[in-house]
Amino acid sequence: MSAIPVLPEEILQLVFSYLDVGTFDDSSDGKNERLSTLVRISYVSNTFRRVVRLMLYRTLGIEDWHLERRRNLLRTLLEHPGTGKLVQHFHSGDWYTRPGHDQRNEPPMPLSDDMKAVLLPCVDVIGLPATLAYRLRWELEQGIEDAETAMLMLMMPGLRLLELRCPHGYVHSLVHAVLPHAFLAELIEVSVSSESSYPLFLVDLAPLIQLPTLRSFKGDNVSAHEVSTKGIGRGIPSLKQLHLDSCPLDENSFEAVLHTYPGLESLFWSADANMSYHTRYNKIGIILRSSGLRMKDLHISVGSTDYDHLFPGPSASLGNLRELASLQHLHVTYGGLLGEPSDASLSHLTNILPFSLQTLFIAKVESHELGRSYDLYINIDAASNFDMNILELLQDERYCGLRSVKFERQGAFTFRDEATEAGWELGVISKLNSLCRQC
């Protein structure tokens, strides 16, 4: 039998990548088979083992409240020193915190004696403050899952992407307490979600958000309301992308967030219709023109603007965005962009949009959002005026970089022939009108 040719490890990694197990949420049928094949390959030689280990441990995940898998992972990292450094992407589902801080209040399941014998001495060499080390050791002895999750955080210094589905009472958890001491020097992306009926607060996540290497943060059911009063801390110029879903939006929080992250280039801010706070688009526009000049991607989707009736016409919209000369992608509601859909108050898109724009998405008009009796879906005159406004934008040569315009509305775009003549292709899927520039 001929010897296996000696190939650079980079080439082997490329070959084996066809068997990559993918991300944690990969649910394809062949994932387990690919995983088994990679494990078998690792037995071929030491070289193969080194390459495969990088792939096997690059992405790890634990489902909600899966205590057995969490402890198996912890045991693996303890028995194979150095393995934790290979983990680049870690997803942790919901876990149990200390009784009294957790709505479930289920009794902990103690660790086995041999697990304690290996795990407890590790606490002394991590370098935590004495009081925190004492708490960690005590909760490990009690078998509290929160302490085991905290140990995992401390054993993965090479993390680049961290996803946490936080339990109720997260701010009182050990995970929250040890993160500032976790030496996450390579972490560039964090995603946090809360399934609790009580949202997390952005200010409570400061230990994660203040990491100097962080480039992207995504929060689901995370409120920014207290940022304006409590603050997050020092400005974080490294953060480029901020994604806040199901987050109440008010102008004070919006301004505080932009001041805290002066280098922000991409902002996604979405609030449900039943959020208790209300958005005044004109105030948001003023803040953008003052602190959002570096913005490239802006998505604002809110469910209530009940105060807009106090600011009739264009003053209820974002106003002139021409100063945002770096803006390439804009997603906003009709009311947020144009205000009143009537002849007297309709702003011309060619007067307010920056020439750098590449994609424009105008979300549907909701009656509860506008707080008025009209509805663009059934107001034919308003729809015609709106379509003429869109056509002017399509025909304006100053927007040569614009590639896509989409808007949600019942009924197709009125000026189909004129748009085609200007070099645009029209498509309609359900209530979504899509105009794409023909190459």
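The values are calculated or read from the model by the stated rules, or taken from the named source; none is laboratory data. Since the structure is predicted, the reported quantities are computational estimates derived from the model, not experimental observations. Backbone-built Cβ (ideal geometry, glycine too); neighbour counts: all protein chains shown.
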Please work out which residue is farthest from MET156 (Cα to Cα), limiting yourself to the stretch 99-118 and to residues that are of a type in the set (Asp, Glu) and modelled with pLDDT of 85 or more.
ASP113
Among residues of the stretch 225-239, those that are crowded, with 20+ Cβ neighbours inside 10 Å and at pLDDT 80 or above, counted:
1
Would you mind telling me which numbered condition in (1) within 31 Å of the chain's Cα centre (by Cα); (2) within 20 Å of ARG160 (Cα to Cα) PRO81 fails?
(1)
Inspect the stretch 130-142 for any residue being among the polar types (S, T, N, Q) and under 18 Å from LEU60 (Cβ atoms) and give the result as yes or no.
no
Being modelled with pLDDT under 85, over 18 Å from HIS329 (Cβ atoms), assigned to a helix (DSSP H, G or I) and hydroxyl-bearing (Ser, Thr, Tyr) is the requirement here; does SER384 meet it?
yes
Would you tally the residues in the stretch 402-435 being over 27 Å from the mean Cα position of the chain (by Cα) and touching a residue at least 12 places away in the same chain (Cβ under 8 Å)?
16
Residue, modelled with the lowest pLDDT, within the stretch 119-152, restricted to residues that are loosely packed, with under 15 Cβ neighbours inside 10 Å and over 22 Å from VAL171 (Cα atoms)
VAL125
Being in contact with a Ser or Thr (Cβ under 7 Å, 6 or more places away or on another chain) and touching a residue at least 12 places away in the same chain (Cβ under 8 Å) is the requirement here; does ARG398 meet it?
no
Given the conditions (1) closer than 14 Å to LEU140 by Cβ; (2) modelled with pLDDT of 85 or more, which single one is not true for TYR96?
(2)
Quick count over the stretch 169-217, residues being touching a residue at least 40 places away in the same chain (Cβ under 8 Å), hydroxyl-bearing (Ser, Thr, Tyr) and out of contact with any Asp or Glu (no Cβ under 8 Å at 6 or more places or on another chain), is 1
Residue satisfying all of: in the stretch 419-439; aliphatic (A, V, I, L, M) and in contact with a Lys or Arg (Cβ under 8 Å, 6 or more places away or on another chain); farthest from CYS400 (Cα to Cα) among these
LEU432
Considering only the stretch 404-421, state which residues are surrounded by 14 or more Cβ atoms within 10 Å (Cβ to Cβ) and either closer than 18 Å to ARG322 by Cα or small (Gly, Ala, Ser) (or both).
SER404, VAL405, GLY411, ALA419
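Yes or no, residue by residue, for (1) within 16 Å of the chain's Cα centre (by Cα); (2) within 18 Å of GLY93 (Cα to Cα):
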{"residue": "GLN142", "(1), (2)": "no, no"}
{"residue": "ASP146", "(1), (2)": "no, yes"}
{"residue": "HIS172", "(1), (2)": "no, yes"}
{"residue": "HIS181", "(1), (2)": "no, no"}
{"residue": "VAL192", "(1), (2)": "yes, yes"}
{"residue": "LYS218", "(1), (2)": "yes, yes"}
Going through the stretch 177-192 in order, the residues found to be modelled with pLDDT under 90 and within 22 Å of HIS66 (Cβ to Cβ) are LEU179, ALA182
Pairs please, first residue from the stretch 72-90 and surrounded by 13 or more Cβ atoms within 10 Å (Cβ to Cβ), second anywhere and among the charged types (D, E, K, R), Cβ atoms under 6 Å, 6+ apart in sequence or on different chains.
LEU74/GLU148; GLN88/ARG58; GLN88/ARG160
Of everything in the stretch 158-174, what is touching a helix residue (DSSP H, G or I) at 6+ places or on another chain (Cβ under 6 Å) and surrounded by fewer than 22 Cβ atoms within 10 Å (Cβ to Cβ)? Give them in sequence order.
GLY158, VAL171
